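Okay, so here's the structure we're looking at.
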Amino acid sequence: MKNLFFTAILLSLTITSCSEKKDQVAEQQPTTESNTMMEEPKPAASADTASTTAAAKPEDEGKALVEGADCLSCHKVDSKLVGPSYQDVAAKYTDADIDHLAQKVIDGGKGVWGDVPMTPHAGLSKENAQKMVKYILSLKK
C-alpha cells in the first residue's frame, strides 16, 4: 500500500513538473496549434556565443539542451531525484550505448532504474538526443 501511494505521489509530481515547464515554454513561444509532445529544446545563445556555436563540442551543446528541456525536473548531476543521477547513468553506460540511450530519451522507458517511468520526448530529434546523451556520459566520475 505504501509503494502504491509513493508511486502515485511521484507520478503526480512528475506530471506537475512537466506541465509547468510546458506552460513556461508556451508563454515564451506562441504556437499555432496545441501540441502535447515536448518541443525541441533550443539552447540559449548570446551574441558572444553565437559565433562559436559551430565550434562547440557536442557535450557543451548537450548540456545546453538538457538545461533547456524538462530533464532537470527528474534528474540531477550527482544525486538521485525521481530518476537516476547523470553520474550514475554515465557509470553504467559507454559511448557504444549513445544511439540506444538517445532512442530511450525519445521513446521513454521503465524498469532499468526502478518502477517510475521516464516520460517520452517524442518532439526531440535523434541528433539532439545524442548530444544530450554525450553530455551525460561525459560526467563519468
inquiry  = Would region 57-137 count as rounded, prolate or oblate if I go by the C-alpha gyration tensor, calling it rounded below 1.5 in a/c and otherwise prolate when a/b exceeds b/c, oblate otherwise?
reply    = rounded
note = Put in order of increasing Cβ neighbours within 10 Å, starting from the fewest, His75, His121 give His75, His121
ask   = How large is ³J(HN,Hα), in whole Hz, for each residue of region 111-128 in order, when computed from phi with the Karplus curve 6.51 cos²θ - 1.76 cosθ + 1.60 and θ = phi - 60°, using x for Gly and Pro?
value = x, 6, 10, x, 8, 6, x, 8, 5, x, 10, 4, x, 8, 6, 4, 4, 5
Extreme residue, positive dipole direction of region 57-137, given options Gln130, Ala64, Thr119 (C-beta unit charges) = Thr119
query = Do any of Lys110/Lys131; Lys57/Lys104; Lys57/Lys131; Lys76/Lys134; Lys57/Lys110; Lys92/Lys141 go past 19 Å between their Cα atoms, and which?
reply = Lys110/Lys131; Lys57/Lys104; Lys57/Lys110
task = Just rank Thr119, Thr94, fewest to most, by other beta-carbon atoms within 10 angstrom.
result = Thr94, Thr119
ask   = What does the charge dipole of region 59-141 about its Cα centre add up to, to the nearest 20 debye, if the Cβ of each Lys and Arg holds +1 and the Cβ of each Asp and Glu holds -1?
value = 220
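FYI, it's all coordinate maths here, none of it is from the lab. As the structure is a prediction and not an experimental result, all values here were calculated from the model. Cβ coordinates were reconstructed from backbone atoms using ideal geometry, including for glycine residues, and neighbour counts include every protein chain displayed.
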